[in-house]
Amino acid sequence: MTTRLRVLDDGAWISIDDGREVRVSELWRLDAPDFCGCDLADLVVENFQEVGVDGSRVEVRVYGQCIACGETGITDWLPVGRIRGGEFVEFDRSCVRRTRRD
Amino acid sequence: MPTDVEKWKSEAYGEEVRERLFEFAEAGFDSIPDDERDAWFERFKWWGLYHQRNGQEGYFMMRIGTPNGVLEPGQLRVVGEIADEYARGPGRNPIFGDAYADFTTRQSIQLHWIELSDVPAIFEKLDENGLSTQQACGDSWRNIVGNPVAGKDGQEVIDAWPVIRELNETFKGNEDHENLPRKWKVSVTGSADGSGQGDINDLAFEPAYKAVDGDGAAGGEDVVGFNVRVGGGLARNEPRFARDIDVWVPPERVPDVAGGLSGLFRDYGDREDRYNARVKFLVDEWGAEEVRETLQEEYVDFELESAGRDVREEYTYNAGEGERNDLIGVHDQKDGTNFVGLNVLVGRMGAADVLDLADLAEEYGSGEVRLSQRQNVIVTDVPDDALEDFLEEPLLEHYSPDPSPFMRGSVACTGTEFCSLSIVETKNRQVRFARWLKENAELPADVDEFHVHLSGCTASCAQPQIADVSLRGMKTRKDGDPVEALDVGLGGGLGEDPGFARWVTQRVPVDEVPGAIANLLETFADRREEGESFRAFVARHDDEELDAFVDPEETDYEDPMMHNTKRTWYPYAEDDGLEDAPPTPADD
Ligand code: HEM
Ligand code: SF4
Ligand SMILES: [Zn+2]
């Protein structure tokens, strides 16, 4: 069965199979040298732009701001969790998230 | 590719949603198929129901659209009764209690904690009393705004109320206009004070004179009608003022031009990218001239007049200077009676107070009340000889016609209490800020208005960019820990030459914001030129100077909501963790 992935309510949250799974207003640690000059960005998640899936990995692009340096913008694809046995399992929010490098 | 929302709307939207909504209400929340929830919650918005944020599953915000903020005699009581009976949920607000109504910045009313099973009974009661939630949210004609005292205001150029009523009747439940690419916010103003705030709406009609003769050709006598502006809006870090498209319309042709522009938006607006869908972006792309040409060629069948002589130089509402920045206090009506604007701090009023106010409006006025875009309420039709007694009513101590500037100037949005998009807590915080500022900050003696608008995110529901001090939800770290914070903007306002606030100081921890405002005001008092307004003071300093004036500081102000209030199911609950969230309400 395919997983239904959506950005809803003006980018407020990610819907996975009609359930609210990932939300704005979190702080994420990012290893994302393209986003800002910090070693690790400290990103306030303000708006989801897109959601997609890479294998079983759910990824998003978000608009936000690094509160360490003030840079704002849209990130590259960031992993937020995994679909396992049809269920979404969110990655630990306190872990560093890395943008996809291919 | 069209978005999922577009797909859902093309399958079912508008009027027909009501029937399904009632079926779900009857059969219970769980009867909404698991794989159709997103679709139905999106469609419910058209009927004014917005699912509250996560942790509050199965509870809805319900918005009642009151055109131009007009509540006819008896209607406020109905709102109070509905709030009292149905707007009660598992969470209790420590400042406002457990049943209240919110008066909004677009002259509507919001109730919270509404359960699906109660919707048919509520709709029935609203219908019986001439009220409606239709198109209060969703992608369509929203509540039409204007000068709330249209038809009564002593300062009026033209009575916009019949025009608004006609637009409302024409475009609510109108199949041709029920499914637009995005929300469509319309303002029609007939007074010279700018209180309809047309500049920040998708479509604005503003009073203007035009010399036309009997055949509509130029050169005849001065006639009052409206100039047309298109493409204003504040959201998403992309604020725009509506653009002048060089069109004047007589009142009787407003529906044709409004329908033409709404049709143009329907057909040419971006349905592939919701972030680019508002008409402000179409106006960016096309320019005002092309909007006018397309309107003329494809959407109206008469020759459009060029813009008339406007009265913008008289605009004062939310202007940051001059008289009548708001509609608080006692003002003359055309008919010799008075309207009395009462301050409702952050727009929220307990249900019991709503009912008391309904009594007072009947006792001293006609029973009618009206809502302003500064989240305040106006009691109309109070005769001179009743005024004194009315002003002595105990309820008016709290909802004052002569409040402290810090109370009077406060506007706040919904925030993390209920809203999915929010970053920070808002309404209760703004109440705490206002109370602290009232005790601890000072304005120069000749300044009696000072507007502080707090929005929980960039959607800008509290219209922060047009305030003296704009506050917008953010985060920062304090001693290493994440805390709620606010970006601070200064010097925004409407008026003849509207300007957006400049964001001069970023990410101030919330507990340092009152100190920052107090320090800023001290500098303002020290350095202002004689009689200078705050807005003018801001205008003649650069961002760096202003950032230095803001000077965040801890004071005896304490903020109990520094943590991530969005990670709670309800910020004020004793056991506030998401794991303590109440179950989805059962059907009863
Ligand atoms: C459940 C709470 C709310 C949610 C989820 C919400 C959602 C939004 C969103 C997504 C936007 C951005 C719109 C866009 O880009 O097209 C917005 C803007 C706005 N909303 Fe709200 N809103 C809420 C409450 C309110 C309240 C209480 C009011 C007062 C009437 C309000 C009035 C406005 C206004 C005036 C804007 C300004 C921006 C503009 O015109 O572009 N909203 N809201
Ligand atoms: S400004 Fe943001 S936080 Fe406030 S009500 Fe609007 S969408 Fe919600
Ligand atoms: Zn950074």
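Could you give the length gained on full extension between residue B:11 and residue B:478, defined as 0.36 nm per residue of separation minus the Cα-Cα distance, in nm? Please list the in-between numbers first.
On the way: separation 467, 0.36 × 467 = 168.12 nm, distance 4.89 nm.
Here the answer is 163.2 nm.
Modelled label-to-label distance, residue B:586 and residue A:56, 7 Å Cα→beta-carbon offset: nm?
3.8
If you find the alpha carbon centre of the stretch B:474-488 and of the stretch B:490-548, how far apart are they in angstrom?
21
Quick check: the distance between the Cα centres of the stretch B:57-122 and the stretch B:376-453, to the nearest angstrom?
Here the answer is 20 Å between Cα centres.
What do you get for trypsin sites (Lys or Arg not before Pro) in chain A restricted to DSSP loop and a cutoff of at most 15 other Cβ within 10 Å of the site's Cβ? Present the calculation step by step, with values, prior to reporting the outcome.
Working: sites: A:4, A:6, A:20, A:23, A:29, A:57, A:61, A:82, A:84, A:93, A:97, A:98, A:100, A:101; in loops: A:4, A:93, A:100, A:101.
For trypsin sites (Lys or Arg not before Pro) across chain A that sit outside H, G, I, E and B with at most 15 neighbouring Cβ atoms in 10 Å, the list reads A:4, A:93, A:100, A:101.
Under 1.5 on a/c is rounded, so check that first for the protein assembly as shown, then, if it is not, pick prolate when a/b is larger than b/c and oblate when it is not; a ≥ b ≥ c are the square roots of the alpha carbon gyration tensor eigenvalues.
On the way: a/c = 1.34, a/b = 1.21, b/c = 1.11.
In terms of gyration-tensor shape, rounded.
Tell me the relative contact order for the stretch B:407-567 as a rounded percent, counting alpha carbon contacts under 8 Å between residues six or more apart. Kindly include the intermediate steps, with their values, before the conclusion.
Numbers: 339 pairs, mean separation 34.2, N = 161.
Value for the stretch B:407-567: 21 percent.
What does the C-alpha gyration tensor say about the overall shape of chain B? Classify as rounded when a/c is under 1.5, otherwise prolate if a/b is larger than b/c, or oblate.
It comes out rounded by the Cα gyration axes.
Contact order normalised by length for chain B, with contacts defined as Cα pairs under 8 Å and 6 or more residues apart; what percent is it? Numbers along the way, then the final one.
On the way: 1382 pairs, mean separation 79.1, N = 588.
Relative contact order, chain B: 13 percent.
Mind listing the long-range amide H neighbours of residue A:50? Cut-off is under 5 Å, sequence gap 5 or more, other chains count too, H placed in the peptide plane at 1.01 Å from N.
Here A:61 satisfy the definition.
R0 = 22 Å: FRET efficiency of residue B:389 with residue B:72, Cβ-based, nearest 0.05?
Numbers: r = 24 Å, r/R0 = 1.07.
That pair, residue B:389 with residue B:72, gives E of 0.40.
Considering protein heavy atoms only and a 1.4 Å probe radius, which residues within the stretch B:467-506 exhibit an accessible-area decrease of no less than 30 Å² in the full assembly relative to the chain by itself?
Those residues are B:474, B:475, B:477.
For the pair residue B:558/residue B:273, report the inter-label distance in nm, with labels modelled 7 Å from Cα in the Cβ direction.
4.9
With θ set to phi - 60°, apply the Karplus curve 6.51 cos²θ - 1.76 cosθ + 1.60 along the stretch B:422-429 and write out the HN-Hα couplings as whole Hz, x wherever there is a Gly or Pro.
After applying 6.51 cos²θ - 1.76 cosθ + 1.60, I find 5, 10, 9, 6, 10, 4, 5, 5 Hz.
Rounded if a/c is under 1.5, else prolate if a/b beats b/c, else oblate: with a ≥ b ≥ c from the C-alpha gyration tensor eigenvalues square-rooted, which is the stretch B:329-389? List each step's numbers first, then the result.
On the way: a/c = 2.28, a/b = 1.43, b/c = 1.59.
In terms of gyration-tensor shape, oblate.
Taking only protein heavy atoms and a 1.4 Å probe, what accessible area per residue, in Å², does the stretch B:329-389 have with all protein chains in place? If you can, show how the numbers build up before the last one.
Working: 1880 Å² over 61 residues.
Ligands and nucleic acids excluded, the figure is 31 Å² per residue.
Which loop GluC sites (Glu not before Pro) in the stretch A:17-102, with loop taken from DSSP, have no more than 16 other Cβ atoms within 10 angstrom of their Cβ? Spell out each step's value before the answer.
Working: sites: A:21, A:26, A:46, A:50, A:59, A:71, A:87, A:90; in loops: A:26, A:71.
Hits after loop and neighbour filter: A:71.
What dipole magnitude, in Debye to the nearest 20, does the protein assembly as shown give about its Cα centre under +1 on Lys/Arg Cβ and -1 on Asp/Glu Cβ? All intermediate terms of the calculation are to be shown ahead of the outcome.
Numbers: 72 positive and 144 negative charges, 428 e Å.
Here the protein assembly as shown has a charge dipole of around 2060 debye.
May I ask you to list the residues of the stretch B:170-201 whose amide nitrogen lies under 18 Å from a point 7 Å from Cα along the Cα→beta-carbon direction of residue B:222?
B:190-194
Return the unpartnered cysteines for chain B, using a Cβ-Cβ cut-off of under 4.7 Å.
Singleton cysteines: B:137, B:419, B:457.
Taking the simple approach of a point 7 Å from Cα along Cα-to-Cβ for both residue B:211 and residue B:285, what is their distance in nm?
In this crude spin-label approximation the distance works out to 4.0 nm.
Residue by residue through the stretch B:373-378, what is 3J(HN,Hα) from phi via Karplus (6.51 cos²θ - 1.76 cosθ + 1.60, θ = phi - 60°)? Round to whole Hz and write x for glycine and proline.
With coefficients 6.51, -1.76 and 1.60, one gets 7, 9, 6, 10, 10, 10 Hz.
Which loop GluC sites (Glu not before Pro) in the stretch B:344-411, with loop taken from DSSP, have no more than 13 other Cβ atoms within 10 angstrom of their Cβ?
Values: sites: B:362, B:363, B:368, B:388, B:392, B:397; in loops: B:368, B:392.
Here the sparse-neighbourhood loop sites are B:392.
Could you derive backbone 3J(HN,Hα) for the stretch B:358-363 from the dihedral phi with the Karplus parameters 6.51, -1.76 and 1.60 (θ = phi - 60°), listing whole Hz in sequence and x where the residue is Gly or Pro?
The phi angles translate into 4, 4, 5, 4, 6, 5 Hz.
Can you list the residues of the stretch B:182-210 with backbone N under 18 Å from a point 7 Å past the Cα of residue B:497, pointing along Cα to Cβ?
Once the point is set 7 Å along Cα→Cβ of residue B:497, B:199 turn out to lie under 18 Å by backbone N, inside the stretch B:182-210.
For the stretch B:150-314, what is the per residue volume of the convex hull drawn over the alpha-carbon atoms, in cubic angstrom?
Values: hull volume 18.9 nm³, N = 165.
It is 115 Å³ per residue.
For the stretch B:457-482, list residues with backbone N below 17 Å from a point placed 7 Å from the Cα of residue B:238 toward its Cβ?
B:458-461
Can you give the accessible area buried between chains A and B, summed over both chains, with a 1.4 Å probe, in Å² to the nearest 100? List each step's numbers first, then the result.
On the way: alone 5830 and 22280 Å², together 25380 Å².
Summed over both sides, the interface buries about 2700 Å².
With +1 on each Lys and Arg Cβ and -1 on each Asp and Glu Cβ, and nothing else charged, work out how big the dipole of the stretch B:150-314 is about its Cα centre, in Debye to the nearest 20.
Details: 20 positive and 38 negative charges, 183 e Å.
With only Lys, Arg, Asp and Glu charged at Cβ, the dipole is about 880 debye.
Using a 1.4 Å probe on the protein chains only, how many percent of the accessible area of the stretch B:407-567 belongs to carbon and sulfur?
Result for the stretch B:407-567: 41 percent of the exposed heavy-atom area is carbon or sulfur.
So, with +1 on the Cβ of K and R and -1 on the Cβ of D and E, and no other charges, what is the size of the charge dipole of chain B about its Cα centre, to the nearest 20 debye? It would help to have the intermediate numbers written out before the result.
On the way: 58 positive and 124 negative charges, 246 e Å.
Dipole magnitude for chain B comes out near 1180 debye.
Report which residues of the stretch A:19-39 become buried by 30 Å² or more of accessible surface when going from the isolated chain to the complete set of protein chains (1.4 Å probe; DNA, RNA and ligands ignored).
The answer is A:20, A:23, A:24, A:25, A:26, A:27.
Between their Cα atoms, which of B:45/B:210; B:185/B:210; B:45/B:427 are more than 31 Å away from each other?
Working: B:45/B:210 40 Å; B:185/B:210 25 Å; B:45/B:427 23 Å.
Table pairs above 31 Å Cα-Cα are B:45/B:210.
Which residues of the stretch A:53-77 end up with at least 20 Å² less accessible area in the presence of all protein chains than when their chain stands alone, using a 1.4 Å probe?
A:63, A:65, A:67
The values are calculated or read from the model by the stated rules, or taken from the named source; none is laboratory data. None of these values were measured; they are calculated from a predicted model. Quick reminder, even Gly has a Cβ in these numbers, built from the backbone with ideal geometry, and neighbours come from all protein chains shown. Side chains included, ligands, DNA and RNA excluded: accessible areas come from the protein's heavy atoms. Shrake-Rupley method; radii C 1.70, N 1.55, O 1.52, S 1.80 Å.
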